[in-house]
Amino acid sequence: MKLLQRKDKQGRWAVSLLAVLFLLTPGTFVYGETPTQASTLAELIAMYDSSSCKECHEQIYEQWEKSHHARPLMGMDDWIFMASYLKRGPLAIKTGQKATKANFPCFKCHLPQIKHATDGVAAEIADAILKDDKPTVRKLNISCLVCHNEKAVVHGRPEKNVVYGNKDLPDHQGFPVKKSPLLKDSLMCGQCHGLGPNLEFETPVQCGTLYGSYLHAYIPSGGTQTCQECHMKNADHYMPPDFNKRDELSARLRESLPMEVQTLAYTFQPVEDKVFPMVVVKTKITSKAGHRIPDG
Amino acid sequence: MVLDVTANGPDGKKIFQTSRIYSAQATDSRSTQTALGPDKKLGLIRDTSIQPFAPKEETIEIPLPEGMKDAVIEVSLRYQPRPGNIYPIHKVVRNVSLDRTK
């Protein structure tokens, strides 16, 4: 009996130790080649928690924290944009049913790690959204691990316990860094920033079409810059625009879309007995962007 | 993206107003009516957005009321993702006159 009690105590210690290790070492076993499915929202958040990156990459982390990637489920002015879709329309949760991943095609880009979670996690997220539980929803983000592991490789699956960067750093603290040329390619961003309708879902959706515009309008016209060259200058992870910083966005649009205006006041006399006093206004807006505006 | 062109008379009264909407437009692919919201949109049917390497030009003729020789022209460009949510971009105001002495 005493032996059983001791074993039970040891077992509980082992479980507690594993839980602590899980929390302190985010993402160690769950993303990568054969991802484990998170069965709770807390697990999913822990799997992609990148807060430990801040210890060495403070400036980049702080840039990211200010970006929309740090709050992909929060729309402009801090409202949870998915709430209205879950209440009405084709993605709404039916009465008496719990949400599943099928209610969240938006998560393909707004929370891509959902593919490593169960329908139960989707139900938990839906509950948090419908309760307007912003502290919980704010924890769901496009973290370092989403871009530097999950989305960093398109030829095959990313490796487990590796972060991808612009060069190999086998002795990098935490996980080794492997070089992925994709990180400097527009396709990196294009994975989420839109080609057109997403037809793979039961309820197809269409959000941003920006990458499609880049591929089919900017590139054919001779454009050569990458998304990163304009939106991540000097590797800035703030990645403007920020739609909550209204003056900053206005200024960015003003610079990207110069406008010329010509005016002419005159009296037009098309025939002998008729005159038409008028003003002719000519406008010309030029775009310096690598995609249509507006788009996302 | 919305371009507004207005003309006011010397007394400040509006004599002309027109707008152009620059945006990709989509339906739900089941009707001819455009849809709002990514949960309903599915496929573009028209695209008046501002394209790279393709200046967007407009020519707008504003008839002046009989006897009016002066007007104030205002041209503005704004980004408006939702009704009431406006990000001003450009605003150009010009005083124009048929009187060559001005």
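Data for the structure
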item: Hey, A:ALA123 outside any loop (DSSP other than H, G, I, E, B) and farther than 27 Å from A:ALA152 by Cβ or not; result: yes
item: Condition check for B:LEU36: exposed (fewer than 15 other Cβ atoms within 10 Å of the Cβ) and over 28 Å from A:VAL280 (Cβ atoms); result: yes
item: Options A:GLN59, A:GLN63, A:GLN37: the member that is modelled with pLDDT under 95, at negative phi and polar (S, T, N, Q); result: A:GLN37
item: B:LEU77 vs. criteria out of contact with any Ser or Thr (no Cβ under 7 Å at 6 or more places or on another chain) and under 23 Å from A:ARG246 (Cβ atoms); result: yes
item: Any strands (runs of 3 or more DSSP E) falling wholly within the range B:1-71 and containing at least 1 residues that are without any contact (Cβ under 8 Å) to a residue 24 or more places away in the chain; result: B:14-21, B:24-26, B:44-47, B:56-63
item: The range A:224-277 - residue that is closer than 30 Å to A:ALA289 by Cβ and among the small types (Gly, Ala, Ser) and, of those, modelled with the lowest pLDDT; result: A:ALA235
item: The range A:126-149, residues that are over 22 Å from A:GLN97 (Cβ atoms), of a type outside the set (Lys, Arg) and in a helix (DSSP H, G or I); result: A:PRO135, A:CYS144, A:LEU145, A:VAL146, A:CYS147, A:HIS148, A:ASN149
item: Search result, residues across the range B:88-102 that are more than 7 Å from chain A (Cβ to nearest Cβ) and in a loop (DSSP other than H, G, I, E, B); result: B:ASP99, B:ARG100, B:THR101, B:LYS102
item: Residue among A:GLY208, A:GLY212, A:GLY174, A:GLY196 that alone is away from chain B (no Cβ under 14 Å) and touching a residue at least 12 places away in the same chain (Cβ under 8 Å); result: A:GLY174
item: Test set (1) over 20 Å from the mean Cα position of the chain (by Cα); (2) exposed (fewer than 15 other Cβ atoms within 10 Å of the Cβ); (3) acidic (Asp, Glu) - B:ASP4 fails condition number; result: (1)
item: Selection status of A:ALA152, in contact with a helix residue (DSSP H, G or I) (Cβ under 9 Å, 6 or more places away or on another chain), outside any loop (DSSP other than H, G, I, E, B) and not polar (S, T, N, Q); result: no
item: Members of the range A:188-223 that are modelled with pLDDT under 95 and at positive phi; result: A:GLY194, A:GLY196
item: Listing of helices (runs of 4 or more DSSP H) fully contained in the range A:201-269 that carry 3 or more residues being surrounded by 15 or more Cβ atoms within 10 Å (Cβ to Cβ) and not hydroxyl-bearing (Ser, Thr, Tyr); result: A:227-231, A:246-256
item: Hey, A:ARG292 facing chain B (nearest Cβ under 9 Å) and out of contact with any helix residue (DSSP H, G or I) (no Cβ under 7 Å at 6 or more places or on another chain) or not; result: no
item: The range A:103-122: number of residues that are among the small types (Gly, Ala, Ser) and closer than 16 Å to A:VAL137 by Cβ; result: 2
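The values are calculated or read from the model by the stated rules, or taken from the named source; none is laboratory data. Fair warning: this is a prediction, and the values are worked out from it, not measured in the lab. Here the Cβ is made from the backbone with ideal geometry for all residues, glycine too, and neighbour counts use every protein chain on show.
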